[in-house]
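Only one structure is covered here, and it is reproduced in the block below.
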Amino acid sequence: MTTDTATATEQVQLTNGLSCNVPADSPLARLLRTQRTWEGPDAKARLGILRRAKSIAIVGASPNPARSSYFVGTYMQQSSDYRVYFVNPRADTILGQKAYPDLASLPEVPDIVDVFRKASDIPQVIDDAIAMGAPTVWVQLGIWNQEAAEYGESKGLTIVMDRCIKIEHARFHGGLHLLGFDTGQITARKTIR
């Protein structure tokens, strides 16, 4: 996106390859600035990530059963063979396991860092993952930070964003009915092996 200050218009590159000029302060310009252009791994690549992984660290895990991170942690503990680590500096234990204050405190480098933090916290989590050598950062459903995704990829990380690891794992392994999410909107009839 380029701005022409003399006429206060912006040239916007659209995802379809076309470009247009719009008034810089218009609602359309603000909307176009928020359009998502980054794409993460496709379904086959996400399946590969989940199959190769042996351990997952859940950053932002909560001991509160009403929180989605608790629900996902429960599923990952009970419905997968992953070694699951919980990261929360304000908790001693979560789901009967020790909670760690940060990624650097974990007993091993996790294959996946699953993130339940606000979008503005994602760059720091990516830096922490890079520092410890974790290969994948998986940012949960509803959380989007395109700049952080692009930054993480530029540093060699695999980034999955705005996807629930529980839903993806269950979808690929035929377990959407386990612990909820049996809405009928996503089918789990055929298991990928």
* Asked: Which pairs have Cβ atoms under 7 Å, sit 6 or more apart or on different chains, and link a residue in segment 38-65 that is exposed (fewer than 12 other Cβ atoms within 10 Å of the Cβ) to one that is not charged (D, E, K, R)?
  -> Lys54/Tyr82; Asn64/Tyr70
* Subset tally (residues that are of a type in the set (A, V, I, L, M) and part of a strand (DSSP E or B)) for segment 148-165 -> 2
* Would you mind stating whether Arg90 is more than 15 Å from the chain's Cα centre (by Cα) and either surrounded by 13 or more Cβ atoms within 10 Å (Cβ to Cβ) or in the same structural domain as Tyr151 (by TED's automatic domain parsing) (or both)? => yes
* Condition met for Tyr75 (surrounded by 13 or more Cβ atoms within 10 Å (Cβ to Cβ), touching a Lys or Arg at 6+ places or on another chain (Cβ under 9 Å), of a type in the set (Phe, Trp, Tyr) and not in a strand (DSSP E or B)) -> yes
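Return the only residue of Ala57, Ala53 being at pLDDT 95 or above, farther than 13 Å from His169 by Cβ and in the same structural domain as Ala131 (by TED's automatic domain parsing). Walk me through it before giving the result.
Working: Ala53 fails: farther than 13 Å from His169 by Cβ.
None of the other options fit; the residue is Ala57.
Collect the residues in segment 5-31 that are at pLDDT 70 or above and either assigned to a loop (DSSP other than H, G, I, E, B) or within 19 Å of Gln146 (Cα to Cα) (or both), keeping them in residue-number order.
Selection gives Ala8, Val12, Leu18, Ala24, Asp25, Ser26, Ala29, Arg30, Leu31.
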* Asked: Among (1) under 14 Å from Val72 (Cβ atoms); (2) modelled with pLDDT under 95; (3) surrounded by 15 or more Cβ atoms within 10 Å (Cβ to Cβ), where does Gly180 come up short?
  -> (3)
* Lone unmet requirement of (1) part of a strand (DSSP E or B); (2) touching a residue at least 60 places away in the same chain (Cβ under 8 Å) for Val137 -> (2)
* Asked: Pick from Asp128, Asp111: which is surrounded by 13 or more Cβ atoms within 10 Å (Cβ to Cβ) and either hydroxyl-bearing (Ser, Thr, Tyr) or over 24 Å from Phe172 (Cβ atoms) (or both)?
  -> Asp128
* Residue in segment 131-176 that is surrounded by the fewest Cβ atoms within 10 Å (Cβ to Cβ), counting only those that are basic (Lys, Arg) and under 25 Å from Glu108 (Cβ atoms) -> Lys155
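The values are calculated or read from the model by the stated rules, or taken from the named source; none is laboratory data. The model shown is predicted, which means the values in this text are computed figures rather than measured ones. Backbone-built Cβ (ideal geometry, glycine too); neighbour counts: all protein chains shown.
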